[in-house]
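Input: a single structure, listed below in structure tokens.
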Amino acid sequence: MSENYERFMQKFAELADIDHAQALLSWDQETYMPAKGTAMRARSQGTLAGISHERLTHPDFVALVEYLKGLDLTGDQAVNVREIDRAQSRALKIPKDLIVELRQTESLSHEAWVAARKKADFATFAPWLKKILGLQKQVAHLVGFEGSVYNAFLDEYEPHARAEEIAPLFAQLRQRLVPLVEGIAATGKRPATGILDGEFPLEAQEAFGRQIMAAMGFDLEAGRLDIAVHPFCQGLSPDDVRLTTRYSVDKLAEALFGTMHETGHGLYEQGLPQAEGGTPLCQSISLGIHESQSRLWENMIGRSRPFWQHYLPQLQAYFPEQLAGVELDSFYAAINQVETSFIRVEADEVTYNLHILLRFELEMDMVEERVQVEDLPAVWNERMEEYLGVCPADDAQGVLQDVHWSFGLLGYFPTYTLGNLYAAQFFARAQEDMPGLMEQVAEGELAPLKRWLNENIHARGRRSTAGELVQEVTGEALSAEYFIDYLEGKFKPLYSL
Ligand code: ZN
């Protein structure tokens, strides 16, 4: 048996090496590659993807996985075989022609979306979205699912999650957050956010960002920070984790919180079980769990009062003129302004999840054929009015604002809100385990929280599913209560509600 398992691990290590090369190529494409390099890069990525698919679905490898599945493996061996089996059966069920058609459609559809958004004209994008939806549904039926067909979409980003379990959590959010948003709007209170929009030299922004990264415990000998138009984190291995951020001279908050967000992702990648490098075990669990790590640092720490108790004077030292005389309370209020807007990516902590909720509901309605693609703009605007009390002026501000659907990413949006829910539940547990946690944060001590996350979440790698992890770490199933409590506890006092 052990000889077969070793052969299995060696085959997987080769697949992981191909993955590594692909990840590095895509990091380079988003950061340093000259614009004209696109065509050649697309070709080499395509070739590597083909080689990877061939190896994963090679009859010998399939037989080997089948054999190992028949054995009563336990512990880490069982996890590795389970994860490869998952990837392999998915790859085997989808014919190559369908994959090729899907990729081509996605790239054409993306172009159509760019043009449609420019003209704010959903009608020209609608046929493409319909086509993508049709192809993705074919994939869903080939791969198989239980319950709603939407589960097949979800499973790609949040393995083992089910729409039937998420829907009630999201409905609970809607019930509690819509009145909170209305209540905040009704106060008419608007913090002075002008202090964040002065002129902030980029070098100083970067220097401060790097200081916070170091305080959070990000290891710069096992990672980098670069600039990208759309910030992201690419973990090549726990020893090579690449973060990106972007700076605007007149928007202090953008890079500040963007960098903390990506560092949260980066700490997860650096904290994955090193000894299991190059195996499925050394991978993150899901997009939702990944997002929980970034949101916890960005919002629950980075937008907390205790954090700025320590770090505001330091930030002021970098920007002595711009931030002269800024009081802690006004800074804290400014970085936590709640304002309803049409645009998801500009949304604050409270309204953000209503944007996601709307997308989740529309995706379910599309996939389960309750809403026709042509009717999306109308339904979108109606629900924006209902949830956020605002109605987009045109499709560019509404249904066409996100890139996701144009790339066929259906089932992706819910992971953002799941990330917030996981984060709040983990954070509540961390505070229970370490009663002095926020006092430490107020002294600029971030290492204890990082250690807690390392031990309780990162080091487990992919041994558990997201649902199991929440249960194991917090002693209960995922609940929306922690996040709602967190939001109410923070924003009611801020807006004197
Ligand atoms: Zn993120």
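The values are calculated or read from the model by the stated rules, or taken from the named source; none is laboratory data. Values in this document were obtained by computation on a predicted structure and should not be read as measured data. Glycine gets a Cβ as well: all are built from the backbone with ideal geometry, and neighbour counts include every protein chain shown. Keep in mind that these areas ignore ligands, DNA and RNA; they rest on the heavy atoms of the full protein, side chains included. Shrake-Rupley method; radii C 1.70, N 1.55, O 1.52, S 1.80 Å.
Structural remarks
- Probing with 1.4 Å while keeping every protein chain in the model, the per residue accessible area of the chain equals 44 Å².
- Neighbourhood net charge (15 Å Cβ-Cβ; Lys/Arg +1, Asp/Glu -1) for F307: -1
- Crossing angle, helix 447-456 versus the chain [Cα axis fit, 0-90 degrees, rounded to tens]: 30 degrees
- Taking Cα atoms only, the orientation of helix 252-271 departs from the longest principal axis of the chain by about 40 degrees.
- When the alpha carbon gyration tensor of the range 304-444 is reduced to an equivalent ellipsoid, its three semi-axes come out at 37, 20, 12 angstrom, largest first.
- Cα long-axis angle, helix 349-367 against the chain (0 to 90 degrees, to the nearest 10): 30 degrees
- Dimensions in Å of the range 3-128 - Rg and Dmax from alpha carbons: 19.1, 61
- Between F407 and I94, the simple label model (points 7 Å from Cα in the Cβ direction) yields a spacing of 1.4 nm.
- √(5λ) per eigenvalue of the Cα gyration tensor, the range 208-327, largest first, Å: 29, 14, 12
- Ordered from largest to smallest accessible area (heavy atoms of protein chains, 1.4 Å probe), the residues E382, E206, E321, E30 come out as E321, E382, E30, E206.
- Counted residue by residue at 0.36 nm each, then reduced by the alpha carbon distance between them, the extension gain from Y67 to E455 reaches 136.3 nm.
- Relative contact order of the chain, pairs being alpha-carbon contacts under 8 Å that are 6 or more residues apart, as %: 20 percent
- Long pairs among K119/K251; K69/K450; K93/K131; K137/K251; K36/K118; K93/K118, criterion Cα-Cα beyond 30 Å: K69/K450; K137/K251; K93/K118
- Antiparallel content of DSSP bridges confined to the range 164-494, in %, to 5: 50 percent
- Surface composition of the chain: carbon and sulfur atoms hold 52% of the protein heavy-atom accessible area at a 1.4 Å probe.
- In this entry, the chain is assigned a mean projected area of 23.2 nm², taken as a quarter of its C-alpha convex hull surface.
- In a DSSP loop and with at most 14 other Cβ atoms within 10 Å, the trypsin sites (Lys or Arg not before Pro) in the range 336-400 are R370.
- Sequence of H20, H230 from largest to smallest accessible area, 1.4 Å probe: H230, H20
- Over the chain, dividing the summed -39,500 (n - 2.57) contributions of all DSSP H runs of at least 4 residues by the number of residues returns a 222 nm mean residue ellipticity of -21000 deg cm²/dmol.
- Taking other residues whose beta carbon is less than 11 angstrom from the beta carbon of A167, and scoring Lys, Arg as +1 and Asp, Glu as -1, yields -1.
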